[in-house]
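Written out below as C-alpha cells is the structure these notes cover.
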Amino acid sequence: MIARMSERGQIVIPVEIRRAIGLEANQRVEVTVEGGTVCLRPLVPMPLAAAQGRFRGQPMVELLLRERRRDG
C-alpha cells in the first residue's frame, strides 16, 4: 500500500491497515525506527491514568464502606 506525506509531514494511514491493527481515531501510537524501517504501534489505553483525579475531593473510605454495606 502506498501513502503520501504532506508538506507538514502528515501521513494518512489507510483504513485497511487501521482496521487490521485496531487503531481508532485519536488513539496514541508509538513511532520508532528499526533498521531503517518506521514502525507504528498502537498504545494501549491506561485505565488507571485515565481515571487519575476522577475522585479527587471525595471521601473514598466512606464511599467504599457504604458500598460494602450495601453489597453485604
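Just one of the numbered conditions (1) in a loop (DSSP other than H, G, I, E, B); (2) modelled with pLDDT of 90 or more; (3) not aromatic (F, W, Y) is not true of E16; which one? For E16, the exception is condition (1).
The residues on offer are L40, L23, L64, L48, and the sole one that is at pLDDT below 90, open to solvent by less than 90 Å² (accessible area, probe 1.4 Å) and not in a loop (DSSP other than H, G, I, E, B) is L40. When residues in segment 26-37 are screened for being modelled with pLDDT under 90 and of a type in the set (V, I, T), 0 of them pass.
The values are calculated or read from the model by the stated rules, or taken from the named source; none is laboratory data. As the structure is a prediction and not an experimental result, all values here were calculated from the model. These accessible areas exclude ligands, DNA and RNA; they are computed on the full protein's heavy atoms, side chains included. Shrake-Rupley method; radii C 1.70, N 1.55, O 1.52, S 1.80 Å.
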